[in-house]
Amino acid sequence: MSAEPAPEPTPAPAAGPVPASGRASSADPVTASGPVPASGPVTASRRQPAWLESRLAGLLRIVIQRGVLKPLVRYLVRVQVVGRPAVTGPMVVVANHSSHLDAPLMVTFLPLALTRRLAVGAAADYFFDSKKRAILTGLVFNAFPIDRGKNKPMRGTSGRLLDDGFSLLVFPEGTRSRDGLMGEFQLGAAALCVSKAVPCLPIGITGAYDAMPRGRNWPRPRRLPVRFAIGDPLTPGPGESVPEFAARMQAAVTALHDQGVRDAG
């Protein structure tokens, strides 16, 4: 990425983590106390601590993302950002997914005006399979669970987040690439955009797979270059179907990704 985002504005009072508006049911992993693991029934012992919804937790999240995670990412890889979001939300941010670096890149190098009210979709069977991991993921990334087995966010969660003014970060491939090549986009992110009439912000990431491919727990040495390019927002057209919008979404991400490959030589 050729340039980092412009200096970030002074943080406004931080929004808390994922809110839960409306009444939860056994099919919906968001309850009054936040996202919960999706594998099994919702019980009090499996809920996220209520403090993760507090303003203090929101402020702590900004400190962790901008004061700890961002310098660490810069130390480990050479980050290049191309473009800047033309909208701040609510919207659905989508990107190709090839590395555990992808989400840290998004929450630390996108503008604070966007990330302070950004919830990150995370695999329920991996990031919410233990209480400790779920709390850490919720605190650092403001995460909500996505059921990879059904290829969709857990029922009701994502829609309520958008209704509450949050933007969502979703990786429509559903999992990290095993070989660095982009897989087919699933329909969940496009369905959200169509049903809620919100824009999609496409982002193409290149270099993350080389820096930290699947199977590695830490990036490779030598500060390899990683680039992410921010495209123009896409809005579902009148009468546009979910598969049609998903195809347009994937085409935009693919173009951004392929341009990064060409620029890297």
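The values are calculated or read from the model by the stated rules, or taken from the named source; none is laboratory data. The structure presented is a predicted model; accordingly, all values stated were derived computationally and were not measured. Cβ: placed from backbone, ideal geometry, glycine included. Neighbour counts: every protein chain shown. Only protein heavy atoms, including side chains, enter the accessible area calculation; ligands, DNA and RNA are left aside. Shrake-Rupley method; radii C 1.70, N 1.55, O 1.52, S 1.80 Å.
Keeping every protein chain present and rolling a 1.4 Å probe, give me the accessible area per residue for the range 161-265 in Å². It would help to have the intermediate numbers written out before the result.
Details: 4940 Å² over 105 residues.
Each residue of the range 161-265 exposes 47 Å² on average to a 1.4 Å probe.
Please work out the C-alpha center-to-center distance from the range 90-104 to the range 169-201 and express it in whole Å.
When both Cα centres are located, 9 Å separates them.
For the range 104-250, what is the relative contact order in percent, using Cα pairs closer than 8 Å and at least 6 residues apart in sequence?
Over the range 104-250, the number comes to 19 percent.
Charges only on Cβ, +1 for Lys and Arg, -1 for Asp and Glu: so what's the dipole of the range 223-264 about the Cα centre, in debye to the nearest 20? Could you put the intermediate results ahead of the total?
Details: 4 positive and 5 negative charges, 56 e Å.
Computed charge dipole of the range 223-264: roughly 260 debye.
For the range 131-265, taking Cα atoms only, what is the radius of gyration to one decimal and the Dmax to the nearest whole Å?
Just the Cα atoms of the range 131-265 yield Rg and Dmax of 16.0, 49 Å.
When the convex hull of the C-alpha atoms of the range 58-198 is computed, what volume per residue in Å³ does it have? Please report the intermediate quantities before stating the final value.
Working: hull volume 17.1 nm³, N = 141.
Measuring per residue, one finds 121 Å³ for the Cα hull of the range 58-198.
Tally up the carbon and sulfur contribution to the accessible surface of the range 189-265 as a whole percent, 1.4 Å probe, everything protein left in place.
In the range 189-265, the share of accessible area belonging to carbon and sulfur is 55 percent.
List the trypsin sites (Lys or Arg not before Pro) within the range 170-243 that fall in a DSSP loop (any state other than H, G, I, E or B) and whose Cβ has at most 16 other Cβ atoms within 10 Å.
Arg178, Arg214, Arg216, Arg222, Arg223
Answer with one residue from Gly231, Pro243, Pro219: the one whose Cα lies farthest towards the positive end of the charge dipole of the range 185-265, charges on Cβ with Lys, Arg +1 and Asp, Glu -1.
Result: Pro219.
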